[in-house]
Amino acid sequence: MTKTSQPKSNASETENSNDLTVTGADAVLRVLEDLNVEVIFGYPGGAVLPIYDALFKRNSIRHILVRHEQAAVHAAEGYARSTGKVGVVLVTSGPGATNAVTGLTDALMDSIPILCITGQVPTHLIGNDAFQEADTVGITRPCTKHNYLVKHAENLVPVLYEAFHVASSGRPGPVVVDLPKDIQFAPIDMGQVEPAKSKAVVRYRPVMIPDADAISQAADMIVSASRPIIYGGGGIINSGDEASEHLRELVALTGFPTTLTLMGLGVLPSEDKHFLGMLGMHGTYEANMSMYHCDVMLNVGARFDDRVTGLTSGFSPNSQKIHIDIDKSSINKNIRVDLGIVGDAGIALKMLVDEVKKRKAAIKKDALSEWWKKIEEWRAVRCLDYNQKGDIIKPQYAIHRLWQKCKGDDVYVTTEVGQHQMWAAQYFGFNAPKRWMTSGGLGTMGYGLPAAMGVQIGNPGKTVIDIAGEASFMMNMQELSTIAQYQLPVKIYIINNEWMGMVRQWQELIHGGRYSESYSASLPDFQKLADCFGMKGLVAKVTDDLDPVIDEMLGTDGPVLVDVRVAKEENCFPMIPSGATHNQMLLGPNDKAAKPVSEEGMVLV
Amino acid sequence: MSQHLNSDEVRHTLSILVDNEPGVLARVIGLFSGRGYNIESLTVAGVDEANNLSRISIVTRGSPMVIEQVKAQLDRIVPVHMVRDLTQQGLHIERELALIKVVNKGESRIEALRIADTFRANTLDSTLESFVFEVTGSSSKISAFVELMRSLGHVEVSRTGVSAISRGLNVDMPIRTQNETQE
């Protein structure tokens, strides 16, 4: 691309002339328009003022003004996860960029496509410790899929197209484009857009189509299994809705038991008879026992995360493992597998369904029904049963009732991080992908509220609930102001036990019940808090309050903040204690004395 | 550098073709430090001006599973075009260049020159009390040379680290001519 002959000072005049030269800021918006970006989550500041000016003048893309840059990224994540599109973020240099870092890391860990444009001081000041200067590309290098510093105006348009492409293809992730202020004023020739677009996809070309021989080998292994299990993850959701369809087809075709990770919930309907529930640390007994005792495991789009595997040396010791993942580096990272297949989950599943169809007669029906009998025994333990008696609301009951009230509606749920998150995963059922947005990899407290805003923006008219804990909620509660400004009808359902519950649970289990700094002191009156932002506040103090409160919450058109006062010392069960294997689950409080956490386990998180 | 060598650890030499752009070396090094991999040596220089490509040679050490990870993780970096495991591919050449200054007097100077001759080192600089030798070869040859010089005086060393290429007629990373590039 060639630079235009106009000097910089003429940039504003050239905007109105007939040629295709525009300012850098204008070019940013034109590219985003061309990429069908509908909404930007952001916060203005000195180093992005030209872009905000262009936003004002062009008036083509909606901007949601958050109250903190971290929330901008989480909102974009919620938008991306619930719509399948790329979430776009715009923040200023220095503190704007550093505040975004938690969100970017969260998006990296959970593979969420984000394009984050950060302002930067003008190129001639870079490295001078200028006002609001930070080494944004240096800081964000380890927490993005890729990042760019645009030092020359002619690179701006190609970089934006490539950044969008990198964020959204292969294993998705966050991409940062750092834009110095002088580049935002520089003249850009938009006549060169088409070559830039076609070039954008050349450099980064992830493998999408898996090796056909490997798929055929996988089909052979699957049909020869006596005790099979399918273990699906967020990769299936990221691949697109067809991937979930293909997985459902595979499950129906084979009749195999299926478990899903925290990230994969919704891929298979929660009430499908083949669904064993979530697996892992707070997964169900039947899912974990089936993982331990299976003879063939098919992992699609999951990464053998440590929350899932428990002690790796004792993970599913007698199985042959197949792993389908779009990211080669996920294969054989934590768990050695027998067959690794690199490719898109949806394409791989479709190919696999076709191959398994050819071999349908070979499926070992008798062995499979024996296996199901065994699984039904584990199911009969009813590991998620809880005892709701009396006036005090059990947190499990609060979420279970919420789900029962939401059944039949197309509801979107976000969560914060902690006990309530696990209870939501256990007691709320999902029937479709992209309905469940939670911070899995990074475990970011404060994720759920801003994420819910993004979900609501992307899905107007739908019910969006943030199942929150009181401590997590307070980490980003400034966003109540954003919710009020845009009248986003988000329902905030706080499971309030006045503790950082998961911290308290671990202190009880492995630190002798010394509850160091885990009490949520000086909580606000949440009803009054809602009131001062002009939204409805509700409180449920006893069991009988719960149903009417949920009804009123769901029946209200605008935003609602609900304070559900729950039993304070309830723990999340079942649980694989750290350093233990799938067959060493704690089923309830009485189990914990019998199986103390090992010394090796204590150092794990 | 590895603090403790596990028995299942193996040494691998990797050759990586990358876009010659700002930050690419930081990405590669950040990957190694961020994920706790070892770097025994790393060299980098531009090798293809027309296509703006650089070649990085890395010597790393780890269990076979970690080596596989290193390669897969490197391959994920957007400006990385190609990762070749020369150790796994088999026959290849590894060479290093070192500049060694030795400061000494009398008999030791003659011995130093004699050893330098044996190692086919060039004398690049000389004063009445010092030499600077240039020596190329495998890392072990250079280490042996440095050890001998140490016994002959005060020694200062500058080494380039390993540069490597496969043997035979197989061209992994062709450098295209200007004309081919434009097509």
So A:Leu149 passes all but one of these: (1) among the aliphatic types (A, V, I, L, M); (2) closer than 23 Å to A:Gly235 by Cβ; (3) within 11 Å of chain B (Cβ to nearest Cβ). Which condition number does it fail? (2)
Which one is nearest to the other protein chains (Cβ to nearest Cβ), of the residues in region A:186-203 that are surrounded by fewer than 19 Cβ atoms within 10 Å (Cβ to Cβ) and in contact with a strand residue (DSSP E or B) (Cβ under 8 Å, 6 or more places away or on another chain)? A:Arg203
For A:Ala348, indicate whether it is free of Cβ contacts under 8 Å to residues at least 12 places away in the same chain, away from chain B (no Cβ under 14 Å) and either among the aliphatic types (A, V, I, L, M) or crowded, with 19+ Cβ neighbours inside 10 Å (or both). no
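Can you spot a residue in region A:243-257 that is acidic (Asp, Glu), within 19 Å of A:Asp344 (Cβ to Cβ) and within 29 Å of the chain's Cα centre (by Cα)?
Taking region A:243-257 as the starting set, the residues that turn out to be acidic (Asp, Glu) are A:245, A:249.
Adding the requirement that they be within 19 Å of A:Asp344 (Cβ to Cβ) leaves A:245, A:249.
Still in the running and within 29 Å of the chain's Cα centre (by Cα): A:245, A:249.
Yes, region A:243-257 has at least one match.
Which strands (runs of 3 or more DSSP E) does region B:72-139 wholly contain that include 1 or more residues that are within 14 Å of chain A (Cβ to nearest Cβ) and closer than 15 Å to B:Ile165 by Cα?
In region B:72-139, the matching strands (runs of 3 or more DSSP E) lie at B:80-85.
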Could you tell me whether region B:14-30 includes any residue that is within 11 Å of another protein chain (Cβ to nearest Cβ), touching a helix residue (DSSP H, G or I) at 6+ places or on another chain (Cβ under 7 Å), in a loop (DSSP other than H, G, I, E, B) and modelled with pLDDT of 95 or more? no
Go through the residues of region A:59-72 one by one and say whether even a single one is buried (at least 18 other Cβ atoms within 10 Å of the Cβ) and either hydroxyl-bearing (Ser, Thr, Tyr) or in contact with a His (Cβ under 7 Å, 6 or more places away or on another chain) (or both). no
Hey, does region A:153-160 have a residue that's within 14 Å of chain B (Cβ to nearest Cβ) and either in a loop (DSSP other than H, G, I, E, B) or not polar (S, T, N, Q) (or both)? yes
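Suppose we keep only residues that are assigned to a loop (DSSP other than H, G, I, E, B) and either more than 14 Å from chain B (Cβ to nearest Cβ) or among the aromatic types (Phe, Trp, Tyr) (or both) within region A:207-216. Which one would you say is surrounded by the fewest Cβ atoms within 10 Å (Cβ to Cβ)?
In the first step, residues of region A:207-216 are kept if they are assigned to a loop (DSSP other than H, G, I, E, B); the result is A:207-211.
Of the ones still in play, those that are also either more than 14 Å from chain B (Cβ to nearest Cβ) or among the aromatic types (Phe, Trp, Tyr) (or both) are A:208-211.
Values: A:Met208: 15, A:Ile209: 12, A:Pro210: 22, A:Asp211: 14.
Filtering region A:207-216 for residues that are assigned to a loop (DSSP other than H, G, I, E, B) and either more than 14 Å from chain B (Cβ to nearest Cβ) or among the aromatic types (Phe, Trp, Tyr) (or both), the one surrounded by the fewest Cβ atoms within 10 Å (Cβ to Cβ) comes out as A:Ile209.
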Region A:50-61, residues that are part of a helix (DSSP H, G or I) and without any contact (Cβ under 8 Å) to a residue 40 or more places away in the chain: A:Tyr52, A:Asp53, A:Ala54, A:Leu55, A:Phe56, A:Lys57, A:Arg58
Within region B:51-71, residues within 14 Å of chain A (Cβ to nearest Cβ), crowded, with 18+ Cβ neighbours inside 10 Å and either polar (S, T, N, Q) or closer than 29 Å to A:Val159 by Cβ (or both) come out as B:Leu53, B:Gln69, B:Val70, B:Lys71
Qualifying positions in region B:147-178 - farther than 28 Å from B:Asp85 by Cβ, of a type outside the set (Gly, Ala, Ser) and at pLDDT 95 or above: B:Glu147, B:Leu148, B:Met149, B:Arg150, B:Leu152, B:His154, B:Val155, B:Glu156, B:Val157
Please indicate, with yes or no, whether at least one residue in region A:124-137 is at pLDDT 95 or above, under 21 Å from A:Val207 (Cβ atoms) and not in a helix (DSSP H, G or I). no
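For residues in region B:31-50 being among the small types (Gly, Ala, Ser) and free of Cβ contacts under 8 Å to residues at least 24 places away in the same chain, which is nearest to the other protein chains (Cβ to nearest Cβ)?
Within region B:31-50, the first condition is being among the small types (Gly, Ala, Ser), and the residues that meet it are B:33-34, B:36, B:41, B:45-46, B:50.
Filter once more, keeping what is free of Cβ contacts under 8 Å to residues at least 24 places away in the same chain: B:33-34, B:36, B:45.
On the way: B:Ser33: 9, B:Gly34: 5, B:Gly36: 13, B:Ala45: 21 Å.
For region B:31-50, the residue satisfying everything is B:Gly34.
For region A:558-569, enumerate the residues that are at pLDDT 95 or above and more than 26 Å from the chain's Cα centre (by Cα).
Residues satisfying the conditions are A:Arg565, A:Val566, A:Ala567, A:Lys568.
Go through region A:174-206 and give me each residue that's of a type in the set (Asp, Glu) and either closer than 20 Å to A:Val86 by Cα or assigned to a helix (DSSP H, G or I) (or both). Working first, answer last.
Going residue by residue through region A:174-206, those that are of a type in the set (Asp, Glu) are A:178, A:182, A:189, A:194.
Across region A:174-206, the qualifying residues are A:Asp178, A:Asp182, A:Glu194.
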Tell me which residues, restricted to region A:515-574, are surrounded by fewer than 20 Cβ atoms within 10 Å (Cβ to Cβ) and of a type in the set (Asp, Glu). A:Glu517, A:Asp525, A:Asp531, A:Asp544, A:Asp545, A:Asp547, A:Asp551, A:Glu552, A:Asp557, A:Glu569
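When only residues in region A:125-146 that are farther than 17 Å from B:Gly34 by Cα and not hydrophobic (A, V, I, L, M, F, W, C) count, which is farthest from the other protein chains (Cβ to nearest Cβ)? Spell out the reasoning first.
First, pick out the residues of region A:125-146 that are farther than 17 Å from B:Gly34 by Cα: A:125-136.
Of the ones still in play, those that are also not hydrophobic (A, V, I, L, M, F, W, C) are A:127-129, A:132-133, A:135-136.
Details: A:Gly127: 12, A:Asn128: 17, A:Asp129: 19, A:Gln132: 21, A:Glu133: 17, A:Asp135: 10, A:Thr136: 11 Å.
The extreme case among them is A:Gln132.
Among the listed residues B:Arg120, B:Arg114, B:Arg84, B:Arg109, which satisfies the condition of being more than 13 Å from B:Gly153 (Cβ to Cβ), in contact with a Gly (Cβ under 9 Å, 6 or more places away or on another chain) and charged (D, E, K, R)?
B:Arg120
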Which residues, taken from region A:510-557, are in contact with a Leu (Cβ under 9 Å, 6 or more places away or on another chain), without any contact (Cβ under 8 Å) to a residue 40 or more places away in the chain and outside any helix (DSSP H, G or I)? A:Lys536, A:Gly537, A:Leu538
Considering each of A:Pro172, A:Pro180 in turn, give the residue that is farther than 30 Å from A:Ala348 by Cα, within 14 Å of chain B (Cβ to nearest Cβ), in contact (Cβ under 8 Å) with a residue 24 or more places away in the chain and buried (at least 17 other Cβ atoms within 10 Å of the Cβ). A:Pro180
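The values are calculated or read from the model by the stated rules, or taken from the named source; none is laboratory data. Nothing here was measured: the structure is a model prediction, and the numbers come from that model. Neighbour counts are summed over all protein chains in view; Cβ atoms, including those assigned to glycine, are modelled from backbone coordinates with ideal geometry.
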